[in-house]
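Take a look at the structure set out below.
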Amino acid sequence: MSKAAEDLVLVINSGSSSIKYQLMDPESGMVAVSGAVERIGEDEGGIEQHADGETVRQRSTIADHQAGLRLVFDTLTAAGYDVVRGGVCAVGHRVVHGGEVFYRPTLIDDTVIAAIRELASLAPLHNPANLAGIESVCELLPGVPQVAVFDTAFFHSLPAAAKTYAIDAKIAAAYGIRKYGFHGTSHEYVSGRTAELLGRAPAELNQIIFHLGNGASAAAVRGGRPIDTTMGLTPLEGLVMGSRPGDLDPGIVPHLVRTAQLDIDQIDNLLNRDSGLKGLAGVNDFRELQRLIAGGDQAAELAYDVYVHRVRRYLGAYLIELGAVDAIVFTAGVGENNPQLRADVLAGLTRFGIDIDPAANTAKDRSARRISPADAPVAVLVVPTDEELAIARAARQVVAERP
Ligand code: AMP
């Protein structure tokens, strides 16, 4: 049996050793199939797929991204979705860095592929992996339109004062050094959903959004446009994350080169994989951190305090930048699921009109909702993010508007 897939969009998030995918209806948000290929290039990899209430798991060695995507298409076909012969409306790819070049969802052709490749110097860990997914789909699904949706796009028009680093302007210009911001697809989607939930036009609202997942970032959004964000040239700046430190004194890097004789790859590794919660407490997962805290682990307690301190620092900064705030929004794995963290981040701020209703905050409810008292001047909300849906909708729109 083959099910009609021509109205569906295949969303692909191709990372260095994994490919996450969803086959979905961009109109309704219905997810027909979701899955992930893991451990590409390792001895034992595999795929896990959920379709029509059934889960399929399969172990095998997956040499590269093209082999991974072939496995995805075979597994989709086995579930009745033969996207190779039956087609899909479009493939939407998450691409991490769009640099100065890309600031809207873009139909992929050879010129776009070359430009994404050139941007690899700005995102060496991400863009090459995104590109591997795009090139594999080009080969395996020729003729199906592919659309790149960039994590940086929403922040393209950040005000100059917010996006400029105070270093030698000629060096900055020569090497593309500015704040680009990331998680843009999530911040844009969540700020739009927040306006919908509050029954207001985005243009009327000042919002502070905390995307707190394994990666974490905050954005100050005025009238639907971002005026500041925490991530920078790379996704390392800003909040404390699972394994990234967020803000650091840049002097730490030359200090480590001189005193610990670390080379550039070791520093990259330290900052991308061994810092943040992992560096402080040995675990990058917030649930594990909480288990350690419950057991009296002091390093875990300190990691939590540093995390909360950093979020509050940016809350304060963005309150002042916006002047007045209508909504504070929590999203992503930690933001959506951790009432204790939300309470600690917003503790003692009643004088700023910021309060949460403890019952609403701790309710076992996974839907988008307000967690501040109805009469509080600032609405505090939990809004589940859905980057895949945002990518699917963007891809479908680009395809519909094609000349
Ligand atoms: P994300 O990157 O958005 O998938 O978020 C991953 C982070 O969210 C991890 O640190 C998880 O521990 C945390 N997380 C995910 N689900 C839950 C949950 N149900 N309760 C608490 N934390 C969660």
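General remarks:
- The alpha-carbon of K278 sits under 26 angstrom from the alpha-carbons of these lysines, leaving out residues fewer than 8 places away in its chain: K20, K179.
- Karplus-derived 3J(HN,Hα), 6.51/-1.76/1.60, for each residue of region 56-72, Hz, glycine and proline x: 10, 10, 8, 9, 6, 8, 10, 5, 8, 5, 5, 5, x, 6, 4, 5, 4
- Given charges at Cβ of Lys, Arg, Asp, Glu: the chain dipole, positive-most of G45, P250, S121: P250
- Loop GluC sites (Glu not before Pro), region 38-86 (other Cβ atoms within 10 Å of the site Cβ: 14 or fewer; DSSP): E42, E44
- Taking amide hydrogens as placed 1.01 Å from N in the peptide plane, the amide H of S18 sits under 5 Å from those of I40, each at least 5 positions away in sequence or on another chain.
- Residue order for S217, S16, S186, fewest other beta carbons within 10 angstrom first, comes to S16, S186, S217.
- Listed by chain and number, the lysines whose C-alpha is less than 22 Å from the C-alpha of K364, apart from same-chain residues fewer than 8 away, amount to an empty set.
- For region 144-197, the equivalent ellipsoid built from the Cα gyration tensor has semi-axes of 28, 17, 6 Å, listed from largest to smallest.
- Cα-based Rg of region 249-373 normalised by 2.2 N^0.38 Å, two decimals: 1.29
- Note on region 263-314: Rg/Rh from C-alpha atoms, Kirkwood Rh, equals 1.05.
- Measuring nothing but how far apart in sequence close Cα pairs (under 8 Å, 6+ apart) lie, relative to its length, region 247-403 scores a relative contact order of 15 percent.
- For the chain, calculated [θ]222 nm from helices alone, where every DSSP H run of n ≥ 4 adds -39500 (n - 2.57): -11500 deg cm²/dmol
- Relative contact order %, the chain, counting alpha carbon pairs below 8 Å whose residues are six or more apart: 15
- Region 371-403: GluC sites (Glu not before Pro) falling in loop per DSSP and having at most 14 other Cβ within 10 Å: E401
- Phi angles across region 85-90 convert, under the Karplus curve 6.51 cos²θ - 1.76 cosθ + 1.60 with θ = phi - 60°, into 3J(HN,Hα) values of 8, x, x, 10, 5, 6 Hz, Gly and Pro given as x.
- Sparsely packed loop sites in region 125-192 (the chymotrypsin sites (Phe, Trp or Tyr not before Pro) outside DSSP H, G, I, E and B with at most 15 other Cβ atoms within 10 Å) comprise Y165.
- Applying Stokes-Einstein at 10 °C and 1.306 mPa s to the Kirkwood radius of the chain, computed over alpha-carbon pairs, gives a translational diffusion coefficient of 71 µm² s⁻¹.
- Each part reduced to its alpha carbon centroid, region 16-58 and region 298-362 end up 33 Å apart.
- Listed residues A327, A218, A162, most fluctuating in the chain (Gaussian network, C-alpha, under 10 Å): A162
- Whether region 19-136 is rounded, prolate or oblate, judged on the alpha carbon gyration tensor where a/c under 1.5 counts as rounded: oblate
Read the figures in this text as sums done on the coordinates, not as results from a lab. Computed from a predicted structure; not experimentally measured. For neighbour counting, all protein chains shown are included, and Cβ atoms are generated from backbone atoms with ideal geometry for every residue, glycine included.
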